Each structure stands twice: as structure tokens, then as C-alpha cells.
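Chemist: Mind looking over this structure? Questions follow.
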Amino acid sequence: MDNPKRKKLDRTLKPHWVWAIAFGSAVGWGAFVLPTDWMGGKGPLAVVIGLLLGAVLMTVIGVSYGFLIKHFPVSGGEFAYAYIGFGRTHAFIAGWFLTLGYMCIVALNASALALLGKFLFPGLVKTGFLYTIAGWDVYLGEVLISTTALIIFAFLNVRGASFSGRTQFTFTMVLLSGIILLALGAIFNDTASTANMQPLFEPSKPAISSILAILAIAPWAYVGFDNIPQAAEEFEFPPSKAFKLIVYALLAAGIAYSAMILIVASLEPWQELAAMQSSWATGAAIESLLGRIGVFVIALALTMGIFTGLNGFFLSSSRLMFAMGRARILPDMFHRLHPKYRTPYVGIIFTALICMIAPWFGRQALLWVVDMSSIGVTIAYFYCCATAFKVMKTPGKKVFSALGMVSAFVFFLLLTLWFLESSLSGPSYIALGIWILIGIVFYFTQKEDYNKIPRKELNYLILEKEEI
């Protein structure tokens, strides 16, 4: 079947670029902004154990991703996988939640750049006070910083996947160099000590409770690894290599997160760091002991983390919308490719425009939505593992898919059982309900046209094959 309406993306992505897209997106800004937040009320060892356990569980889930990428190397990722396993309605559900999750992370990365600006250049960024939302003062300066970043990275992504991949690899190497330099600074600083990490767990609560609270955020902390299936259609190498890239990205991300937790916890007693009143407590801790050079290094690493997150999730969100547009569940304009660069430029521009709204609502309000998006990512993980379980023939591999389904379900429970510390906050539940209602309305307005597409034609549009 040769369908001229099914446009394909060019194969330009090299293996090390794809690894950098996954690793850089997974680590992002969180490793440099959140250590003091995570340690508060939990303890450094609880955070490290929770994050490393999360990396292991994500690797189990990654087995299913590797299998499906090998056999179905198309854009759309979990949207396509949910279609394979459970049909068009479930494909829409997975795609709907993933679109939200990716856009939220793009917006949050842009706001993290403004947060860095507030710490380094408060006089410049804190200009043009506008209003306060949920206790967060919104300034015109930070809105302009976030908006400028979104415009720049939209432009970079329109230029092409190979340009984005090459840039991502450079950003990632600088990020890793920053972590290594900070580790060396902590090791050779006389004041830094493992004694500052005591007690290793928050003494007022069970250690397992603290570990589970961190484990619950693993779907969000490592979400960047599933940028690999979104880019599968653009691999210039065999899709069978995807699983190794997923494992390498997850292991590197777990080590990077853990290293930053231990570096920061060694600088000062972690209880004092967690209680510090600062727009960026991690940066303040680095500055107090390692001076301006330390601030320069972590600021550079943070900037690279923000850039890798922006770049990686711009790529993923646009490819997801491209795949959904190709399947006609989104308007046909999302299926258009740039006449020169052959990129899904409409999805890139749409992502930038939607995310430009976020800085006007303040970072705290945005965090509610991002916390809620962890649910969507978890649902997408479950669909992927469940589909792999149905499609796989080898019993051994089915065990991994079953374990991946269990892992995703555990993550879902950790996020939704209200009596657990890891549960979503009240505002996050409200945001989740609103997004579900919008999705229901949108689906029923598109349902008639979407369901009119013959099965074989939809198979070809999504998977480039008539029979699954």
C-alpha cells in the first residue's frame, strides 16, 4: 500500500545523539535544582536509594520499549504501542496524557532558566513585578527569559533532528563535565564531609516511607528515556540498538542524580540545607563552600540540563503530535513537514506557543500540573508493557513485560493513594480532573471521523504496515 498522505521523517539521528537526547532529557534541571527539596524530611540516603531503585524499575519497563522499537520503529511511541495492543481509543488516551506530560516538562524547563536568572542576576530578573500566584511573585523579567528560551529552542528544532541531536550531545558533555568538576570540588574541600550527611534518613519517620516517596517520582525523574521511541523513525542505525541506549541512558541518569545528592549533602548538614530560605538552595550551598567558581560550574551544568530538557522534549512532543496528526486524531496541520528542513514544524511551534502561557501563572501553579502529569507518564508506561506482553512470544521476555506492568501499577498507586506521603497534592488532583474532562470533550468531537478510518488504512498511517 503506497499512501502519499503518510509522510515520513528523514533518518538522520546517530546512536550517541539519541543517547544524549534520552539522558539529557531525563536528568535535565532536576539534578541541580531539587537535591535540597528532595532531602528535606527524607534524608540523603533515602533519596539515593529511591532514585536508584527507580532507575532499576525503569530499566525493567525499558525491556518492553526496546522490543517494540525494534519491531515498530515509528514516531508516536506509546501512542503507537497502545494502538497495537488495545486499539484506537486507548491510543488516544495514551497520546493525550503524553502530550500533556511532554509540554509540561518543556514549560518547567523554561521556568527553571528564569529561576537560575533570579539567583544569579536578581536585580535584572526581578524587574516589572506583575502579581502573586500561589505565593509565587511573577515578574516580567522572568517571563521574558522563559519566552526567549522557548523561541530559541523552537527555532533549533525546526532546523532539523540532526542539528538538534548534535547540539544535544554537546550540551550533555558539558553537563557531565560540570558534575565531575563539582564532585572534585567537594572531595578536595576541607569543609565538605560525609558527616554532614548524618542522619542518613529522616529520624522522625520510617525509612521505607521516605524511600517510597522518592520512588514515586521516578516516572517523572526518568521520563526522558522514552524520547528514544519518539525518535525511532529518524534512527540512521538499526532499531535493535534502542534497548542498549535506553539502559545506558537510565544508568547514567541514576548515577548523575545520586552524585549530585551526595555532593550537595556533603557540603553542609542536610537539615540546614533543606531549611534554607533561598530561590535556589542547592546553588546557595555550592556558593557558600566552593565560592563563585563553584556557582559558575553548577550554573553552567544547570543551564545545560535545562537546554537538554528543552531540546529533548520539544523533539518528543512534536513527533508525538506528528504521529497523531498522521493518524487523523489531531488536525492535519500537525502532519505537515517543513519544506526545507523536513521537520514537523507545526507541532514544534504549537508546543512553544502553549508553553509561553505557563510563565504568566508562576512556577508553583505550574508544579501542580507537572506533578499531575506523572500520572499520564505512568499510564503510558503501562500501555507499553501491556502491549509488549501481548505481542511477545518468548516466555522470558514476557516476564519482564509483566514486571514492567506491575512496576507501572505500583507507581500509579504511589501517586494516587491519598494516605501515602507520595500522593499528589489537592491542586494536582484538580488539574488532573480538568485535563481528563478536556480529553473526553476532545475525543467525542473527533470520534466519528477517527473511527471512520478503515483498520488497514489506520494500521498503515500509524505503523506503515497494513497488518499488525
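Chemist: Kindly indicate which of PHE411, PHE382, PHE419 is in contact with a Pro (Cβ under 6 Å, 6 or more places away or on another chain) and either within 24 Å of SER209 (Cα to Cα) or surrounded by 14 or more Cβ atoms within 10 Å (Cβ to Cβ) (or both).
Modeler: That would be PHE411, the only listed residue that is in contact with a Pro (Cβ under 6 Å, 6 or more places away or on another chain) and either within 24 Å of SER209 (Cα to Cα) or surrounded by 14 or more Cβ atoms within 10 Å (Cβ to Cβ) (or both).
Chemist: Still on this structure, I have one more. Does any residue in segment 416-432 that is under 12 Å from ALA365 (Cα atoms) come within less than 7 Å, Cβ to Cβ, of a residue that is among the aromatic types (Phe, Trp, Tyr) six or more places away or on a different chain, and which pairs are these?
Modeler: SER425/TRP368; PRO427/TRP368; SER428/TRP368; ALA431/TRP368
Chemist: Take GLU272 and decide whether it is in a helix (DSSP H, G or I), over 24 Å from LEU176 (Cα atoms) and free of Cβ contacts under 8 Å to residues at least 12 places away in the same chain.
Modeler: Yes.
Chemist: Listed residues PHE163, PHE155; which is part of a helix (DSSP H, G or I), closer than 29 Å to ALA358 by Cα, among the aromatic types (Phe, Trp, Tyr) and open to solvent by 70 Å² or more (accessible area, probe 1.4 Å)?
Modeler: Residue meeting the stated conditions: PHE155.
Chemist: Taking ASP371 as meeting all but one of (1) surrounded by fewer than 23 Cβ atoms within 10 Å (Cβ to Cβ); (2) over 17 Å from GLY224 (Cα atoms), write down the number of the exception.
Modeler: (2)
Chemist: Moving on to the next point. Taking interchain pairs and intrachain pairs at least six residues apart, which have beta carbon atoms under 6 angstrom, with the first residue in segment 453-468 and closer than 14 Å to ILE329 by Cα and the second open to solvent by less than 60 Å² (accessible area, probe 1.4 Å) and in a loop (DSSP other than H, G, I, E, B)?
Modeler: Listed pairs, sorted by first residue: LEU461/ARG6; LEU461/ALA327; ILE462/ALA327.
Chemist: Moving to a separate point now. Do you know which of the residues in segment 180-190 that are assigned to a loop (DSSP other than H, G, I, E, B) and without any contact (Cβ under 8 Å) to a residue 60 or more places away in the chain is surrounded by the most Cβ atoms within 10 Å (Cβ to Cβ)?
Modeler: Going through the qualifying residues, I end up with PHE188.
This table checks each residue for (1) touching a strand residue (DSSP E or B) at 6+ places or on another chain (Cβ under 6 Å); (2) under 29 Å from ASN196 (Cβ atoms); (3) at pLDDT 85 or above.
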| position | (1), (2), (3) |
| --- | --- |
| VAL18 | no, no, yes |
| GLY30 | no, yes, no |
| GLY40 | no, yes, yes |
| GLY62 | no, no, yes |
| VAL74 | no, no, yes |
| ALA82 | no, no, yes |
| LEU116 | no, yes, no |
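Chemist: In addition: Counting just the residues of segment 191-214 that are assigned to a loop (DSSP other than H, G, I, E, B) and among the polar types (S, T, N, Q), which one comes out farthest from LEU45 (Cα to Cα)?
Modeler: THR191
Chemist: Given GLY433, GLY439, which one is within 24 Å of GLY77 (Cβ to Cβ) and in a helix (DSSP H, G or I)?
Modeler: GLY439
Chemist: Considering only residues that are more than 16 Å from PHE67 (Cβ to Cβ), among the aromatic types (Phe, Trp, Tyr) and open to solvent by 30 Å² or more (accessible area, probe 1.4 Å), which ones fall in segment 235-272?
Modeler: Result: TYR248, single match.
Chemist: Give the residue that is farthest from the chain's Cα centre (by Cα), with candidates limited to residues of segment 287-334 that are open to solvent by less than 10 Å² (accessible area, probe 1.4 Å) and of a type in the set (Ser, Thr, Tyr).
Modeler: Only one residue fits best here, namely SER318.
Chemist: Testing VAL377 on (1) open to solvent by 60 Å² or more (accessible area, probe 1.4 Å); (2) assigned to a helix (DSSP H, G or I), one condition comes back false. Which one is that?
Modeler: Failing condition for VAL377: (1).
Chemist: Quick one: which of ALA231, ALA275 is at pLDDT below 90 and under 18 Å from the mean Cα position of the chain (by Cα)?
Modeler: Criteria check complete, one pass: ALA231.
Chemist: Under 6 Å between Cβ atoms, at least 6 apart or on separate chains: pull out the pairs that start in segment 114-134 with a residue that is over 17 Å from ALA284 (Cα atoms) and end on any residue that is assigned to a strand (DSSP E or B) and open to solvent by less than 20 Å² (accessible area, probe 1.4 Å).
Modeler: Listed pairs, sorted by first residue: LEU130/VAL138; TYR131/VAL138.
Chemist: So if I check each of VAL174, VAL223, which one is aliphatic (A, V, I, L, M), within 27 Å of the chain's Cα centre (by Cα) and open to solvent by less than 30 Å² (accessible area, probe 1.4 Å)?
Modeler: VAL223 is the lone residue from the list that is aliphatic (A, V, I, L, M), within 27 Å of the chain's Cα centre (by Cα) and open to solvent by less than 30 Å² (accessible area, probe 1.4 Å).
Chemist: Could you tell me whether any residue of segment 335-342 is buried (at least 24 other Cβ atoms within 10 Å of the Cβ) and in a helix (DSSP H, G or I)?
Modeler: no
Chemist: Okay, moving on. Which one of these does GLN277 not meet: (1) in a helix (DSSP H, G or I); (2) open to solvent by 10 Å² or more (accessible area, probe 1.4 Å); (3) more than 18 Å from VAL223 (Cβ to Cβ)?
Modeler: Among (1) in a helix (DSSP H, G or I); (2) open to solvent by 10 Å² or more (accessible area, probe 1.4 Å); (3) more than 18 Å from VAL223 (Cβ to Cβ), GLN277 violates only (1).
Chemist: Here's another thing I want to ask about it. Inside segment 452-464, can you point out the residues that are within 16 Å of ALA82 (Cα to Cα) and either open to solvent by less than 90 Å² (accessible area, probe 1.4 Å) or not in a helix (DSSP H, G or I) (or both)?
Modeler: Residues satisfying the conditions are LEU458, ASN459, TYR460, LEU461, ILE462, LEU463, GLU464.
Chemist: Looking only at segment 442-452, decide whether some residue is closer than 21 Å to MET103 by Cβ, free of Cβ contacts under 8 Å to residues at least 40 places away in the same chain and among the hydrophobic types (A, V, I, L, M, F, W, C).
Modeler: no
Chemist: Any residue in segment 284-306 that is over 25 Å from ALA149 (Cα atoms) sitting within a Cβ distance under 6 Å of a residue that is among the aliphatic types (A, V, I, L, M) and at pLDDT below 85? List the pairs, counting only those 6 or more apart or interchain.
Modeler: ALA285/LEU273
Chemist: Among the numbered criteria (1) open to solvent by less than 30 Å² (accessible area, probe 1.4 Å); (2) in a loop (DSSP other than H, G, I, E, B), which one does THR36 miss?
Modeler: The failed condition is (2).
The values are calculated or read from the model by the stated rules, or taken from the named source; none is laboratory data. Just so it is clear, the structure is predicted and the values come from calculations on it, not from any experiment. Neighbour counts are summed over all protein chains in view; Cβ atoms, including those assigned to glycine, are modelled from backbone coordinates with ideal geometry. Accessible surface is based on the protein model in full, side chains and every heavy atom, while ligands, DNA and RNA are left aside. Shrake-Rupley method; radii C 1.70, N 1.55, O 1.52, S 1.80 Å.
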